[in-house]
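So the structure is just underneath, and the comments pick up after that.
Bear in mind these aren't lab numbers, they're just calculated from the coordinates by the rules spelled out. Every value quoted in this text rests on a predicted model; they were computed, and no experiment measured them. Cβ: placed from backbone, ideal geometry, glycine included. Neighbour counts: every protein chain shown.
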Amino acid sequence: MGDEKKSHESGEREEGRVVYSRLPTGLEGEHRAPTAGGGLAALLAREPVAPALPVMVVSFVLLVIVVFALGRLSSNELRNVSDETQKAQQRQTLGVQFLLDLRGAFTRLDFEARDRGTRESRGGIINPFDSKLGNARDEARRQLYAFERRPLAQTQTGQAFVATARDFIESTLNPDAYSTGGFVKFRELDRQAEQLLAEANKQQQEVDDERRRLYERAQGQTRRLTYLAVILSALIAAASVWELQRRFRQLRRSLEESRRERAFSAQMLEGMVSAVAAIDGRDRVRSANRSFLKLFPRAPVGSSVHDEIAPPDAMKMFSAATSARVEESTYRGRWVLTPEGENDPRHFEVYSSPLNIDGEHGQILTLVDVTEAAHNETELRRKTALAAVGQAAAQVAHEIKNPLGSIRLGVAMLRDMTSGEEAHSTINLVERGIEHLNKLTVDVTQYSREKPLALSTVELHKLIDSSLELVEERLRERETPVEKNYTDDPLAGELDADQLQQVFINLVANAADASPKGAPVTITTARTEGRIVRAGGNGDGAGAGAVPFARLTVADRGAGMDEGTRARVFEPFFTTKQRGTGLGLAIVKKIVEQHGGTITVESAPGEGTSFHVELPLRQDQ
């Protein structure tokens with residue numbers, strides 16, 4: 001019930017502008033089968049993939065690949081630079097260490113040779129088995145041999161060092177040779193070693209420069225990779241944006257087309273005079289136009305046609321219309337309904353058409369208002385019946401008229417032949433009957449005969465005044481004054497003065513008869529607009545709505561009429577007078593309609609009666 005209430009409130013807020021409305025999720029899900037299976041397939045079956053989702057996924061994957069590749073390349077480049085720098089540093093360190101070891105070896109050799117010379121100079125005993133000098137010499141030779149295989153030994157300083165080192169080693173073999181030139185050779189050797197160390201330090205600077213160059217190269221490579229990644233990311237982003245924009249434009253065009261189609265459908269539904277509603281398989285109103293919701297204000301979208309959403313006559317119509325599902329458009333008959341808030345019943349022809357709503361077998365319910373057509377049909381049948389009655393009455397009147405003249409002549413002769421007062425009274429009574437029958441035959445003949453209009457330019461105020469002069473004696477007998485409320489606008493038209501004079505005389509005479517003595521009869525005129533309606537019931541063309549009309553009202557202050565009398569007042573032979581023929585107002589209506597006008601009556605018991613006559617005027621006024 002809560003969902004239904006929300007649906008009701010939603011329908012009331014939309015004010016009948018609903019083209020299609022889904023039921024609340026809870027109600028809708030009751031009749032929807034669950035998707036078989038599970039996992040991604042079931043998810044995709046329930047939720048279709050958005051068109052832009054693949055583009056976004058591909059773009060994201062490409063960006064991840066680019067970022068990963070950039071990080072991997074940058075890491076490799078930095079690792080290569082680090083490895084090469086470490087190797088160069090190790091080579092340089094080993095080279096310096098080797099030079100230091102080489103210098104140390106020759107220094108020990110010099111120390112041992114000097115120690116030997118010192119002991120000899122002091123006259124000490126030289127141990128022939130002392131191997132320190134020999135070991136130092138072998139170590140120096142081994143170090144020199146290793147040095148000769150290094151790139152540094154191939155330089156000029158290196159070659160000079162090697163030559164000096166060999167001479168120095170040879171000088172240590174002979175104590176005399178060492179004592180005379182060994183110290184000089186060692187000093188030269190030491191100086192050359194210093195030069196080699198200086199060159200090694202210079203290589204260290206070169207190593208540092210190489211390391212800095214490698215780092216700069218790595219930075220440049222990383223920047224290039226970064227720029228490449230940025231360019232690739234920009235290209236991927238641009239392609240993604242372009243694709244998303246393209247799909248967005250497609251979606252927007254699709255939405256715009258859907259919106260236009262929806263607006264067009266809404267305008268069609270809202271513009272329809274007929275009431276249209278979509279009923280789903282559970283007999284709920286799923287869609288309705290303004291005419292339907294105006295006709296059934298308690299039947300908003302979402303309500304059931306089995307609830308109390310309309311008067312009893314409408315509920316019977318709903319039950320009959322939804323009792324069976326239709327496979328093709330079906331006529332459900334003509335129904336007479338009284339909409340809520342109205343007093344007059346209206347006629348509707350009901351049609352059902354099949355409709356599929358969310359996989360359910362529903363229907364479209366269409367109510368075509370044929371009230372005017374029903375009234376026209378009723379009026380046509382009435383006129384046909386009255387025409388038949390009129391023709392029969394005319395024939396009877398014709399048959400009565402000839403013997404009625406003979407009877408009148410015989411009664412006149414009988415009057416001359418008698419002299420008694422009682423006989424004359426009887427003859428007067430017969431003559432009044434003969435006069436009534438004669439008036440009846442004349443009225444019947446006039447009503448049944450279609451007299452053509454003799455049109456001429458007629459000023460209505462003058463015609464009304466002349467008509468009042470003809471009925472003045474009757475007004476004087478009834479002591480009925482006439483109040484005139486004429487408009488200042490000229491009211492002239494192409495009319496039949498003689499026949500309209502009969503109309504005005506009849507209306508004024510009836511008003512005088514209905515009014516108590518001394519009560520005035522009011523005649524009011526006004527200028528208005530309307531459509532010309534000829535006796536056939538059709539308007540004279542589509543543009544007849546702007547035709548000027550004259551509105552004449554004859555009002556009395558009599559007892560008024562009830563609804564039954566008011567409905568039959570223009571019927572032939574219907575009268576409330578004791579000696580009336582019942583054809584006066586019928587003839588008035590016929591003459592007014594011949595002119596393309598209308599006559600209506602407004603009355604209520606105790607409030608008097610007003611007859612309103614509308615006649616077309618010249619359009620040049």
- Message: Please compute the modelled spin-label separation between S353 and Y145, points set 7 Å along Cα→Cβ, answer in nm with one decimal.
- Response: 11.4 nm
- Task: Quick one: order M315, M417 by neighbouring beta-carbon count within 10 Å, fewest to most.
- Result: M417, M315
- Task: For K577, list the aspartates and glutamates whose Cα falls under 18 Å from its own Cα; do not include residues on the same chain fewer than 8 positions away.
- Result: E435, D443, E477, D513, D556, D562, E563
- Message: I need the calculated FRET efficiency for the pair V96 and E120, taking r as the beta carbon distance and R₀ as 41 Å, to the nearest 0.05.
- Response: 0.70
- Message: Could you work out how much longer the chain between E563 and W242 gets when fully extended? Use 0.36 nm per residue separation minus the Cα distance between them, nm to one decimal.
- Response: 107.9 nm
- In the structure shown, do any of K132/K185; K451/K484; K87/K132 have a Cα-Cα gap over 29 Å, and if so which? K451/K484; K87/K132
- With charges set only on the Cβ (+1 for Lys and Arg, -1 for Asp and Glu), what does the dipole of the stretch 272-369 come to about its Cα centre, in debye to the nearest 20? 80 debye
- Over all alpha-carbon pairs of the stretch 272-369, lay out the pair-distance distribution in 5 Å bins, whole %, shortest bin first. 3, 14, 27, 29, 18, 6, 2, 0, 0
- Message: Only counting other Cβ atoms within 10 Å, I'd like D556, D280, D344, D369 sorted with the fewest neighbours first.
- Response: D344, D369, D280, D556
- Among the trypsin sites (Lys or Arg not before Pro) in the stretch 272-340, which ones are in a DSSP loop with at most 16 other Cβ atoms within 10 Å of the Cβ? Mind listing them? R282, R298, R325
- Going by C-beta contacts inside 10 Å, put I231, I236 in order with the fewest on the left. I231, I236
- Query: So how far, in whole Å, is the C-alpha centre of the stretch 334-358 from the one of the stretch 281-330?
  - Reply: 8 Å
- Message: Suppose a student asked you for the relative contact order of the stretch 182-309, using Cα pairs under 8 Å spaced at least 6 residues apart; what percent would you report?
- Response: 11 percent
